[in-house]
């Protein structure tokens, strides 16, 4: 029951890389528990960093191609992949650890198959994707942790939208970002819309306060949960990219 409230996977793609002028490699990633995940890798020659994108709870990677194009235009390589049950990925999400298994598999793929060191990898967590991004960022030194419209913890979020849900029902989905981000081993950049109706901007502000330095918070005036790109335009990517280049000393 809880998974039906949290996850809204879409199997069909709404767009292709070609629609955005992107030349990408279709990739398949196997998790530690044997689930086959699907994704696209967009390589940029001489890229100072590679973005590993963890999307939100709805749709699939085809709805994140506009973001991939913007990061690619800045000079970053990008890996988009779908969690189990989304897009062309097999399986289904049954507990919170499934997201972490998928996230670890994607990171291992970049390190092992593309030979990209973790110090050149940026974890990008969008909404629900902030959970695997924050969790993995405490485990090894990374080039960056970028969070878009993140939440503090799932219980607090549930109390806002599903106040009737007992705490015990969420035991398999702890998702405590506020506690975990204090251990992040990467520069932290947070984007949040001032009018976010799903994850209130106060959540992003609290995560910023808890995160270790170096860090930056970019509140986009007038933006809600799903239109940060439309409202911020080019600054949506330019601000975090400039921060990551500066803090890592990339040229």
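The values are calculated or read from the model by the stated rules, or taken from the named source; none is laboratory data. Here the structure is a predicted model, which means the values were calculated and not measured. All Cβ positions, glycine included, derive from the backbone under ideal geometry; neighbour counts span all protein chains shown.
Per-residue answers, yes or no, for (1) more than 21 Å from residue 181 (Cα to Cα); (2) in contact with a strand residue (DSSP E or B) (Cβ under 6 Å, 6 or more places away or on another chain); (3) at pLDDT below 95; (4) surrounded by fewer than 21 Cβ atoms within 10 Å (Cβ to Cβ):
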site: 75; (1), (2), (3), (4): yes, no, no, yes
site: 81; (1), (2), (3), (4): yes, yes, no, no
site: 106; (1), (2), (3), (4): no, yes, no, no
site: 117; (1), (2), (3), (4): yes, no, no, yes
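Under 6 Å between Cβ atoms, which residue pairs at least 6 apart in sequence (or on different chains) link something in segment 3-16 that is within 11 Å of residue 59 (Cβ to Cβ) with a partner that is in a loop (DSSP other than H, G, I, E, B) and modelled with pLDDT of 95 or more?
Hits for this filter: 9/85; 9/86; 10/60.
For segment 219-242, name all the residues that are more than 17 Å from residue 67 (Cα to Cα) and in contact with a strand residue (DSSP E or B) (Cβ under 8 Å, 6 or more places away or on another chain).
219, 222, listed by residue number.
Is it the case that segment 25-32 has a residue that's assigned to a loop (DSSP other than H, G, I, E, B), surrounded by fewer than 14 Cβ atoms within 10 Å (Cβ to Cβ) and modelled with pLDDT of 95 or more?
Looking for residues that are assigned to a loop (DSSP other than H, G, I, E, B), surrounded by fewer than 14 Cβ atoms within 10 Å (Cβ to Cβ) and modelled with pLDDT of 95 or more, one finds at least one in segment 25-32, hence yes.
Is there any pair linking a residue in segment 210-221 that is over 18 Å from residue 152 (Cβ atoms) to one that is surrounded by fewer than 15 Cβ atoms within 10 Å (Cβ to Cβ), with Cβ under 6 Å and at least six apart or on different chains, and which?
Filtered contacts from segment 210-221: 221/194.
I'm trying to understand the selection: among the residues of segment 41-66, which are part of a helix (DSSP H, G or I) and in contact with a strand residue (DSSP E or B) (Cβ under 7 Å, 6 or more places away or on another chain)?
Hits for segment 41-66 are 61, 64.
Identify all residues within segment 122-142 that are closer than 10 Å to residue 52 by Cβ and either modelled with pLDDT under 95 or assigned to a loop (DSSP other than H, G, I, E, B) (or both); write none if there are none.
Residue satisfying the conditions is 142 alone.
Could you grab me the full set of residues in segment 80-127 that are under 12 Å from the mean Cα position of the chain (by Cα) and within 19 Å of residue 14 (Cβ to Cβ)?
80, 81, 82, 83, 126, 127
Going through segment 175-197 one residue at a time, which ones are over 20 Å from residue 144 (Cβ atoms), touching a helix residue (DSSP H, G or I) at 6+ places or on another chain (Cβ under 7 Å) and surrounded by 15 or more Cβ atoms within 10 Å (Cβ to Cβ)?
If the condition is that a residue be over 20 Å from residue 144 (Cβ atoms), touching a helix residue (DSSP H, G or I) at 6+ places or on another chain (Cβ under 7 Å) and surrounded by 15 or more Cβ atoms within 10 Å (Cβ to Cβ), then 175, 193 are the ones that fit.
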